[in-house]
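K.L.:
What follows is a single structure, and I will ask about it in a moment.
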Amino acid sequence: MVLDFLNDPATRKLERSMDATVLRSQLLSHNIANANTPDYKRVDLDFASVLADTMNDGSSLPLTRTHPRHLPMAETSEAAPAFRVTREWRTSTRQDGNNVDVEFEMAQVAENTLHYQALGTSWKQQMSRLKMAIEGR
């Protein structure tokens, strides 16, 4: 029963969305760290399209192992679709070729944090429902 709940499509989509926000946080941090690197071009994850793809997919999303020491949740022959990381080549606001705007990146970090917090709240609600089912309330 517990494993069925954890493999529920809604729970797996929620987990996948949280993974996307973690990846985006890493990319935004990488951009900020390279704000003074000549010819560096910012990278980002289009979170809105990832979320839309995840939510509009009628099938359940399979889990993937991201590290050899991670334990798989369920046997599956399909891999989860990879997140789309894009590098922005067309814009360059500085003479050194770097296109990172630290203020913009910080605004994106704040937005991404809000997404993660909302997803975390939804995850907590899912786990509360599981706890209530286990306790028989």
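K.L.:
Between a first residue in region 110-135 that is farther than 16 Å from ARG12 by Cβ and a second residue that is charged (D, E, K, R) and part of a helix (DSSP H, G or I), which pairs have beta carbons less than 7 Å apart while being 6 or more apart in sequence or on different chains?
P.N.:
ASN112/ARG24
K.L.:
Right, next: Within region 112-122, is there a residue that is in contact with a helix residue (DSSP H, G or I) (Cβ under 6 Å, 6 or more places away or on another chain), part of a helix (DSSP H, G or I) and at pLDDT below 70?
P.N.:
Looking through region 112-122, none of the residues is in contact with a helix residue (DSSP H, G or I) (Cβ under 6 Å, 6 or more places away or on another chain), part of a helix (DSSP H, G or I) and at pLDDT below 70.
K.L.:
Another one. Could you please let me know if ALA74 is modelled with pLDDT under 90, under 30 Å from ILE134 (Cα atoms), of a type in the set (A, V, I, L, M, F, W, C) and not in a helix (DSSP H, G or I)?
P.N.:
yes
K.L.:
For ARG65, all conditions in the list (1) assigned to a loop (DSSP other than H, G, I, E, B); (2) modelled with pLDDT of 95 or more hold save one; what is the number of the exception?
P.N.:
(2)
K.L.:
OK, next. Might you let me know whether region 18-29 holds any residue that is at pLDDT below 90 and among the small types (Gly, Ala, Ser)?
P.N.:
Checked region 18-29: no residue is at pLDDT below 90 and among the small types (Gly, Ala, Ser).
K.L.:
Residues being surrounded by fewer than 14 Cβ atoms within 10 Å (Cβ to Cβ) and in a helix (DSSP H, G or I): count how many of those fall in region 123-137.
P.N.:
10
K.L.:
Taking region 85-106, which residues are assigned to a helix (DSSP H, G or I) and surrounded by 11 or more Cβ atoms within 10 Å (Cβ to Cβ)?
P.N.:
Once the filter is applied, which keeps residues that are assigned to a helix (DSSP H, G or I) and surrounded by 11 or more Cβ atoms within 10 Å (Cβ to Cβ), region 85-106 yields VAL102, PHE104, GLU105, MET106.
The values are calculated or read from the model by the stated rules, or taken from the named source; none is laboratory data. Everything numeric in this text was worked out from a predicted model, so none of it was measured. Because the Cβ atoms are built from the backbone with ideal geometry, glycine has one as well, and the counts that use them run over all protein chains shown.
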